[in-house]
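Have a look at the structure below, then the notes.
The values are calculated or read from the model by the stated rules, or taken from the named source; none is laboratory data. Remember, it's a predicted structure, so these values are computed and weren't measured experimentally. Neighbour counts are summed over all protein chains in view; Cβ atoms, including those assigned to glycine, are modelled from backbone coordinates with ideal geometry. All accessible areas refer to the heavy atoms of the entire protein, side chains included, with ligands and DNA or RNA removed. Shrake-Rupley method; radii C 1.70, N 1.55, O 1.52, S 1.80 Å.
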Amino acid sequence: QVQLVESGGGLVQAGGSLRLSCAASGSIISIRTMSWYRQASGKQRELVAGIASGGGTNYADSVKGRFTISRDNAKNTVYLQMNSLKPEDTADYYCNAEIATYGRNVFSDYWGQGTQVTVSS
């Protein structure tokens, strides 16, 4: 069994910063890509940023230059540093990871429970 536990969300004023963390635990052999998604009220879930096991990253255009994704492979943890936050960044943020576990020879998608980020104007 694998769990992804997110932390770091909250309420912040526009222009402020937050740092999200997501730690994976369980019978993990390997983690491939780790990503952050977000879903605003009434909208579809969208990819915010992703990071491969080797460190390559990709970002949504709307967050480039403001958000930075990183990971600590020894801790099975991914981070999202969010700077210069805007009200339109308000959403529930979800961690996603492609994980191979003991007993299975394939990578499967796992999701965290979500953490709320609210940016006030």
Exercise. For a label point 7 Å from the Cα of THR118 along Cα→C-beta, name the residues of region 1-40 whose backbone N is under 19 Å from it.
Key: 7-20, 38-40
Quiz item: Residues of the chain: accessible area per residue at 1.4 Å, in Å²?
Solution: 53
Quiz item: Considering amide H positions built from the backbone, and no H for Pro or chain starts, which residues 5 or more places from GLY114, or on another chain, come under 5 Å of its amide H?
Solution: GLU6, CYS95
Practice problem: Taking a cut-off of 21 Å between Cα atoms, list the lysines near LYS43, but don't count ones fewer than 8 places away on the same chain. | Solution: LYS64, LYS86
Quiz item: For GLY16, which sequence-distant residues (separation of 5 or more, or a different chain) have an amide H within less than 5 Å of its own amide H, given hydrogens modelled in the peptide plane?
Solution: LEU85
Quiz item: At a 1.4 Å probe radius, carbon and sulfur cover how many percent of the accessible area of region 6-58?
Solution: 44
Self-check item: Per-residue HN-Hα couplings for region 91-98 [Karplus 6.51, -1.76, 1.60; θ = phi - 60°; Hz; x = Gly/Pro]
Solution: 4, 8, 9, 10, 8, 9, 8, 9
Exercise. With the full set of protein chains in place, find how many percent of the accessible area of region 74-118 is carbon and sulfur; take the probe as 1.4 Å.
Key: 44
